[in-house]
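Q: Have a look at the structure that comes next, please.
Laboratory data are not the source of any read-out in this text; all were calculated from the coordinates shown. Here the structure is a predicted model, which means the values were calculated and not measured. Counting neighbours? That spans all protein chains shown, and the Cβs are built from the backbone with ideal geometry, glycine included.
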Amino acid sequence: MSEAVYDAAALQDKWRPVWEEIDPFRAGQRAGAEKRYALTMFPYPSGDLHMGHAEVMALHDIIARYWWQRGYDVLNPIGWDSFGLPAENAAIKRDEHPKVYTYANIETQAESFRRYAVSFDWSRRLHTSDPEYYRWTQWLFLKFRERGLAYRKNSPVNWCPHDQTVLANEQVVGGLCERCSAVVTKRELNQWYFKVTDYAQRLLDDMDSLADTWPERVLAMQRNWIGRSEGAHVDFDIALADGSGGTERVTVFTTRPDTLYGATFMVVAADAALAGQLVAPEQRGALETYLAEVRKASDIDRLASDRPKSGVDLGVTATNPLTGEQMPVWASDYVLADYGTGAIMAVPAHDQRDLDFAREFGLPVRRVVDTGEENPEQSWVATTGNGVYVNSGALDGLDDKAAGIHRIIEQLEADGRGTGTVNFRLRDWLLSRQRFWGAPIPIIHCDTCGEVPVPEDQLPVVLPDDLRGADLKPKGVSPLAAAESWVNVDCPTCGGPAKRDSDTMDTFVDSSWYYLRYVSPHEEGAPFDAEALREWGPIDQYVGGVEHAILHLLYSRFFTKVLYDLGMLDFTEPFTALLNQGQVINGGKAMSKSLGNGVNLGEMIDEFGVDAVRLTLVFAGPPEDDIDWADLSPGGSLKFLQRAWRLAGDVASEPGAAVQDGDPALRKATHKTLAEAEQLIEGHRFNVVVARTMELVNATRKAIDSGCGPADPAVREAAEAVAILLSLVAPYTAEEMWERLGHQPTVARAGWPSVDPALLVEDAVTAVVQIKGKVKARLEVSPSVSAADLEQLALADPAVQRALDGAQIRKVIVREPKLVNIVV
RNA sequence: GCCCCGGUAGCCCAACGGCAGAGGCAAUGUGCUCAAACCACAUCCAGUGUGGGUUCGAAUCCCACCCGGGGCACCA
């Protein structure tokens, strides 16, 4: 018996150079094979890899490596999302250019990925901060702009005072900056937007095609975020109080046009321009004062829902388009300027917010739907359910909400006073950032020609190389604005003096199309090669964290649809299937510096080896569940790998031994394991695959020690199956096993063993006999036993006879060959 | 408040509506050893959050509730 010992570090050193030589995972090497595109969300280069990366890569790699074993031609690329704030902040601190930090970290991470043995095709590596990449980010921006999907507007925007930049709506979480948790404030700025709202309905509709392959909760979150609501636009005429005698038509959005008879006042958003246009001269001062207060309040204050309602009377009246009734117009911050039309009709009886406002300011409440509950005028609880219409003209007596809504919309449309409509919660995507380390927006501002796109042949607009440290300090405008030699250019149209747009793009723009670039990462004439994309796209399996459920995934879906409309793609959804891995936590809490509960990945690998760490993370539980490092046992994983490895050393037959003569019981176990593993992997139930592999190792051990013995060909077959199963999770151990079994590298391309269906059939099965659902006897029967025979056998069984004790049999349910249930 | 996901041995987790236990951790014991570790073998441990319902039969399907996690929330 060999005295060899299992040394994880030695295996890593031994096999890495061999694999780099063989380069087994280069895509496009299997002519004629079906193509599969596996993608893991590319990392941001902050420091070295951590446990979270280790988990997602281990899970993702199972899928990619399984596909290789199954004979597919697999594209599994890697790159870096390498623009972004941390590099810029590090550069300020260290007085250097952000690229220094960025590219140093990328090298560190790349080295770690190689050691971690993820089956990436390294030849396709990309970095979003490379000019060769962001040139196309800029090009795409210009295409969007040509199509009217990128535009500039003045608007109150989310401002992070810490990072000194604006934020998209998606980057504000509970009134705080998603990145740094600073309290977000509002600023009125002129900024670039992508018109994602144009795609709201399609983003919603196309989710139907993802229903079976994306996690339900991600779809739910996106639906929630898009926030479709059906209702109506209703026009109100407002008599202006400027002495002109004129009127202004104001449109409101409502989901309950059927309650129009109950509208007793109107409210416009205090911070909308409309408020300033409508306000009566004598109320202007009050509005200004109120507005100043509103502006001071942060989103955090606004989010406190128990906050009393505030507002100011604008001193004008609106006319109810159905009844002609006059109603006062107020301004308040509970109406949002950027949702709907920024104005509402208030129906206090049937909307709690309106009711609170009415109570605060003594405005009338009129019930128009009797739901059988207490009248809101007395209870101060708005009723929103179905009921009988009252005080509602022609609607009176009707008791169907849907019909009521329908009839009022019909009426409004007939009168030219309104229309049925759909509104979305989704806002356009604010993409400008007042920071340095991002793709410059390729626009030149010329006093004569206005906004001029940088001509395509002048792309990329490259970031200057000579800014560092203090030059990059955030000052509320982009550091690029101060880079004189960079910002001042000749206008491409008239040749006169002009300035570059000094903002950079949100880094989510970079990551909204990187998966397309991978199919042809060195393409120089286009962002991607359309032919290559037809071969590889869309992504068959995307793996990554649920934290991108809205941001990255929604933006990428939007980009894909726009590029489809531009005729550049032939699919409308980028990610056919999505797997969200859970988090790795420790001791019940997320790992964090402040808690001091971080687990260092490098140290774990040094102690247990890459394979044991990967195995531990995969075996811990279902991929989408959070896993607690404190519950896990990398030592146990290592022990198992050693057991498996030892099998390979014990096999005493030669490669190619006549397996059909092998021990039938062990052969059945092997083939059953393989057959089951196929199903389990396809269902992403990787933890169970590991358990099945452990069982097979145990069975093989038993066969060697106390069964058919090490020379039986079935033992070799089992050990080889173990090596191939392990090649998905523990590549170093698997490769070493493969070599000890007398094969050439690499086991990663050994191919999935074909399962012999004959070996999946059991010789005998245990049938259980139940009486009233309780097990009373077990019978060994043939798998092909007939229902009648099984019933006879069951009734004849002495234990059953005893249990029946002469009771009258009412019914016998037979599920051959597994079960008989006797009802007495 | 609304919407998703989950609750099975001391712990992590399995179980096409059909024997509650596959696998692992921990614990205990036996063998190996001068001894310990390693290793091998064995043993121990829950009736599935609670209450109803459907069914011949429910961890699994349905309803209500409790607990935990996540998302959304002054969006008219």
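Q: Could you give each residue of region A:732-741 its phi-based ³J(HN,Hα) in whole Hz, using Karplus coefficients 6.51, -1.76, 1.60 with θ = phi - 60°, and x for Gly or Pro?
A: So the Karplus estimates, Gly and Pro as x, are 5, 4, 4, 5, 5, 4, 4, 5, 5, 7 Hz.
Q: Please label the shape of region A:496-561 as rounded, prolate or oblate, based on the square roots a ≥ b ≥ c of the eigenvalues of the alpha-carbon gyration tensor (a/c under 1.5 means rounded; beyond that, a/b larger than b/c means prolate, else oblate).
A: Since a/c reaches 1.5 but b/c is at least a/b, the shape of region A:496-561 is classed as oblate.
Q: Here's another thing I want to ask about it. Could you please tell me the mean projected area of the C-alpha convex hull for region A:217-353, averaged over all directions and given in square nanometres to one decimal?
A: Approximately 9.3 nm², given one-decimal rounding.
Q: Once you sort the root eigenvalues of the Cα gyration tensor of region A:637-711 as a ≥ b ≥ c, which label holds: rounded (a/c under 1.5), prolate (a/b larger than b/c) or oblate (the other case)?
A: Judged from the Cα gyration tensor, region A:637-711 comes out oblate (a/c at least 1.5, b/c at or above a/b).
Q: Continuing with this model, one more query. If you bin every alpha carbon distance in region A:455-520 into 5 Å steps from zero, what whole percent lands in each bin?
A: 3, 12, 19, 21, 18, 12, 11, 3, 0
Q: Which value, in Å to one decimal place, does the Kirkwood hydrodynamic radius take for region A:301-443 when every pair of different Cα atoms is included?
A: With all distinct Cα pairs of region A:301-443 included, I get 18.1 Å.
Q: On a C-alpha basis, how far is the centre of region A:701-745 from the centre of region A:583-650 in Å? Whole number, if you could?
A: Centre-to-centre distance over Cα atoms comes out at 23 Å.
Q: While we're here: Can you put A:Thr493, A:Thr507 in order, fewest other beta carbons within 10 Å first?
A: A:Thr493, A:Thr507
Q: Looking at region A:137-265 from every direction and averaging, what is the projected area of its Cα convex hull in nm²?
A: If I average the Cα hull's projected area over directions, I get 13.4 nm².
Q: Work through the residues other than A:Ile443 whose Cβ is under 11 Å from its Cβ and net out their charges, Lys, Arg +1 and Asp, Glu -1.
A: Neighbourhood net charge equals +1.
Q: I'd like to know how chain A sits against the 2.2 N^0.38 Å rule of thumb: what's its Cα Rg over that expected value?
A: Ratio of Rg to 2.2 N^0.38 Å for chain A: 1.20.
Q: Could you state the number of Å between the C-alpha centres of region A:94-141 and region A:195-266?
A: 42
Q: Same structure again: Starting from the eigenvalues of the Cα gyration tensor, five times each then square-rooted, give me the equivalent ellipsoid semi-axes of region A:694-824, largest first, whole Å.
A: Whole-Å semi-axes of the equivalent ellipsoid: 46, 14, 13.
Q: Considering the Cα positions of region A:55-141, please state its Rg to one decimal place and its Dmax as a whole number of Å.
A: Cα-based Rg and Dmax for region A:55-141 come out at 15.9, 51 Å.
Q: To the nearest 500 deg cm²/dmol, what mean residue ellipticity at 222 nm is calculated for chain A from DSSP H runs of n ≥ 4 alone, each contributing -39,500 (n - 2.57), summed and divided by the residues?
A: -11000 deg cm²/dmol
Q: Tell me, what ³J(HN,Hα) does each residue in region A:685-701 have, in order and in whole Hz, if you take phi through Karplus 6.51 cos²θ - 1.76 cosθ + 1.60 with θ = phi - 60° and put x for Gly and Pro?
A: 9, 5, 4, 6, 4, 4, 4, 5, 5, 4, 4, 5, 4, 4, 5, 5, 4
Q: What residues have an amide H closer than 5 Å to that of A:Val489, excluding those fewer than 5 places away on the same chain, when H is modeled at 1.01 Å from N in the peptide plane?
A: Those qualifying (amide H under 5 Å, at least 5 residues apart or on another chain) are A:Ala498, A:Lys499, A:Arg500.
Q: For region A:696-792, which GluC sites (Glu not before Pro) are in a loop by DSSP, counting at most 13 other Cβ atoms within 10 Å?
A: Sites meeting the loop and neighbour criteria: A:Glu762.
Q: Lysines near A:Lys818 by alpha-carbon distance under 27 Å, same-chain residues fewer than 8 away left out - which ones?
A: Straight-line reach from A:Lys818, under 27 Å: A:Lys668, A:Lys672, A:Lys772, A:Lys774, A:Lys776.
Q: Now for a separate question. Would you mind checking the pairs A:Lys473/A:Lys561; A:Lys99/A:Lys593; A:Lys195/A:Lys401; A:Lys153/A:Lys473; A:Lys35/A:Lys593 and listing those with alpha carbons more than 32 angstrom apart?
A: A:Lys473/A:Lys561; A:Lys195/A:Lys401; A:Lys35/A:Lys593, as the Cα separations exceed 32 Å there.
Q: When a/c is below 1.5 the answer is rounded, else prolate if a/b is larger than b/c, else oblate, so apply that to region A:488-603 with a ≥ b ≥ c taken from the square roots of the Cα gyration tensor eigenvalues.
A: oblate
Q: Which ³J(HN,Hα) values in Hz, rounded to whole numbers, follow from the phi angles of region A:462-471 under the Karplus curve 6.51 cos²θ - 1.76 cosθ + 1.60, where θ = phi - 60° and Gly and Pro get x?
A: Per residue, the Karplus-derived 3J(HN,Hα) values read 8, 5, x, 8, 9, 8, 7, x, 4, 4 Hz.
Q: Whose amide H sits under 5 Å from the amide H of A:Gly28, counting only residues 5 or more places off or on another chain, with H placed in the peptide plane?
A: Close amide H contacts, sequence-distant or interchain: A:Val74.
Q: Also: Can you put A:Leu149, A:Leu819, A:Leu336 in order of Cβ neighbours within 10 angstrom, beginning with the fewest?
A: Taking fewest neighbouring Cβ atoms as first place, the list is A:Leu336, A:Leu819, A:Leu149.
Q: Still on this structure: May I ask you to order A:351-359, A:20-28 by the average number of other C-beta atoms within 10 Å around their residues, highest value first?
A: A:351-359, A:20-28
Q: Using bins 10 angstrom wide from zero, how does P(r) for region A:527-667 break down, in % of all Cα pairs?
A: All Cα pairs considered, the percentages come to 9, 23, 20, 21, 19, 7, 0.
Q: Filter the chymotrypsin sites (Phe, Trp or Tyr not before Pro) in region A:384-440 to those in DSSP coil with at most 14 other Cβ atoms within 10 Å of their Cβ, and list the result.
A: The qualifying sites: there are none.
Q: How large is the direction-averaged shadow of the alpha-carbon convex hull of region A:589-694, in nm²?
A: Mean projected area for region A:589-694: 8.7 nm², to one decimal.
Q: Moving on. Go from 0 up to the bin containing the longest alpha carbon distance in region A:20-94, width 5 Å each, and give me the % of pairs per bin.
A: It works out to 3, 13, 19, 18, 15, 11, 8, 6, 4, 2, 0, in whole percents.
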